[in-house]
Structures are given as structure tokens and as C-alpha cells.
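The values are calculated or read from the model by the stated rules, or taken from the named source; none is laboratory data. Note that the structure is predicted; figures quoted are calculated from it, not measured. All Cβ positions, even for glycine, are placed from backbone atoms using ideal geometry, and neighbour counts span all protein chains on display. Just so you know, the surface numbers come from the protein's heavy atoms only, side chains and all, with ligands and any DNA or RNA stripped out. Shrake-Rupley method; radii C 1.70, N 1.55, O 1.52, S 1.80 Å.
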Amino acid sequence: MKNIQFTLLILAVISVSSNGVAQDFQGKATYFSKTSIDLNLDERQISEEQKQRIRERMKNFSERTYELTFDKRTSLYKEEEKLEAPSNSQGDGGLRVFASFSGADGKYYKDIQGQKYLNQTEMFGKQFLIQDSLNQWEWELGSETKKIGNYTCYKATAISRPDTTSFNRIRRTASSAGDRQGQQGGETNAHAKDSTQNNSLLSRIEEPEERIITAWYAPEIPISQGPGPYWGLPGLILEVNDGRTAILCNMISMYAEDKEEIKAPSKGKKVSQEEYDQILAEKMEEMSERFRAGNRRGSNSVRIIRGN
């Protein structure tokens, strides 16, 4: 991403105010996102050909391009549409779970004035519309600067403290299931329990942990917007990194005329973030049970079937 060329397209003449930007304007920014995914392929007993197929799918899931349409009050962040080749290769289940955790396949709408967000996302074939209050980032503003394209950007940091309740509940459920298997069948099932712990879906997903968020914002674009859930700085966020996912803006378009309506997403079952996390936890438990069933049958492959 270091060599991504930054392009600024002026689509209309912007009247200049005292802060250098029209008071009533709209813009679009394109972001490239790359996420590190570790599925421990070296520890899995599969062929090199299968591993290569999984790596290709990992790249497809982890590298994405998004578009942020914004004004001073609202913004809509969505992935650019692209065709994906169908695949039934090993590892897709874990990757799709990653997509569910990250919301990578949805639309993220922020209303700064109303202090709320709407996240339209898909979980295993079913649409959800998460509605909740914006996260209040406690940004620490720094004096360090760097150029991103033609903009001088300033560094800001914040700490992300994830809610680990859902993950811990899933882990306890899986552990309890393994204990029950061992108690019912003695030594043989105790071995199956160990196999479950080593090969379950949970072993493929990192436990949520506290992360330092590093953002770079451009005061020359005086709006408090940014990609995905990020916002709250005195300028558009052009780059953000949480240690696992790096997001970099590589194109900006700004205009004061011919603006389009920034529509909030409306499709999907309406839930709060807590309700969605609960549903996701239940789905994870179902998937873990499928992995356990596959292990008991001596299968090395588990196929995740999309549906309600």
C-alpha cells in the first residue's frame, strides 16, 4: 500500500470559506483495506494444493476496496461490488465467520448529528440491520504529521476495548461439550475431546483483545467522518490501523453541486449490536457442533451451508 497513488478529482468548483472548504459540500473517498488472517495452515494435515486454494481465498476475503460517501452530518461506507468465484475449498467456513465479525460485506451508515449508526450486514445468508449508538472514541491528538497525497495529516490514537462476552461464552460452551463427550465415553471420547479442541472453528479465530487504533486525519477537509466505525476527529480520516486491519484512502472526490442523497440502509432484521452479537454467538455454537460431528466421523473437511 506504500506505493498507492493518491488522486484528487475536482468535480465542481468549490466555493471557499474561511476554513478553505465550502460549508455545504459532499465528497467521496475510496479506501483500500487489508486484514491479516491466520488460519494456522501449517498445522493442518491437508495437501499443499489445498493450502494454496485456501490462501487465495484468504487474500480475496482480506483485501477489499470501499467507498465512503460523506457530508458533514452523515456518511455511508460500503464495499465496491466485485465478482467472486464460487468455492467449496477448506477454510471458507472460518473466513466467512471472519467476514461476519468484521462486517466486511455490508453497508455502514453514520449519523453524527443523531449519534447513531446503522450497519447492514449478512450472516450466513440472512440480512441484519444493526442499529445502535456511535462508539465514543477517546482520541488522543498528536503533533506528528505526514503527507497522504496532497494533504498534511495529523496522527491521533485511541484504545479499542472489545466486548469479549460473546467469545468467552462460545468458548465455555465448546469446552463443556468436550467435557461431556469425555465423561460419556471414557478414554476414546476423551481423545475426541482433544481433537475437538484442536480442530474446532474456535481455534481458527483470534480472541478479541485490546487494540491501539492509529488514525491519520486531514484538517483541510473539516468533517468528523472516516471509514467504517471511525469518526470524531477534526478532519476526514484518511488512514487507520488497528494492528490487524490497515485502511488507506487512495482517492478523494469533492463537490458542492450535483450531490446525491446519502441513504441509510433499510434491509434486514432490525437488531441492536448486543442482539446481533448474541445471534452470532449462537451461530458459532452451531458451527462448532458441525465441526465436532465431522471430527467424530473422521472427516477432515467441514462444509458450511449458507442459509437461515
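Points to keep in mind about this one:
- Any chance residue 49 is open to solvent by 30 Å² or more (accessible area, probe 1.4 Å) and either under 20 Å from the mean Cα position of the chain (by Cα) or at pLDDT below 75 (or both): no
- Of the criteria (1) within 19 Å of residue 235 (Cβ to Cβ); (2) at pLDDT 70 or above, which one residue 120 fails: (1)
- Scanning region 256-284 for residues that are of a type outside the set (Gly, Ala, Ser), within 30 Å of residue 25 (Cβ to Cβ) and open to solvent by 40 Å² or more (accessible area, probe 1.4 Å) returns 257, 258, 259, 260, 261, 263, 267.
- Hits in region 122-147 (condition: open to solvent by less than 60 Å² (accessible area, probe 1.4 Å) and within 23 Å of the chain's Cα centre (by Cα)): 122, 123, 124, 125, 128, 129, 130, 132, 134, 137, 139
- Residues in region 257-269 that are in contact (Cβ under 8 Å) with a residue 12 or more places away in the chain and in a loop (DSSP other than H, G, I, E, B): 257, 258, 259, 260, 262, 263, 264, 265, 266, 267, 268.
- Residue 190 vs. criteria at pLDDT 95 or above, farther than 23 Å from residue 143 by Cα and open to solvent by 30 Å² or more (accessible area, probe 1.4 Å): no
- Candidate set from region 104-153 (those that are in a loop (DSSP other than H, G, I, E, B) and of a type in the set (A, V, I, L, M)); member that is farthest from residue 74 (Cα to Cα): 104
- Among residues of region 216-243, those that are within 14 Å of the chain's Cα centre (by Cα) and of a type in the set (Phe, Trp, Tyr), counted: 1
- Residue within region 244-256 that is within 18 Å of the chain's Cα centre (by Cα) and either among the charged types (D, E, K, R) or outside any strand (DSSP E or B) (or both) present: yes
- Members of region 225-255 found to be open to solvent by 30 Å² or more (accessible area, probe 1.4 Å) and not charged (D, E, K, R), listed by number: 229, 232, 234, 241, 243, 250, 251
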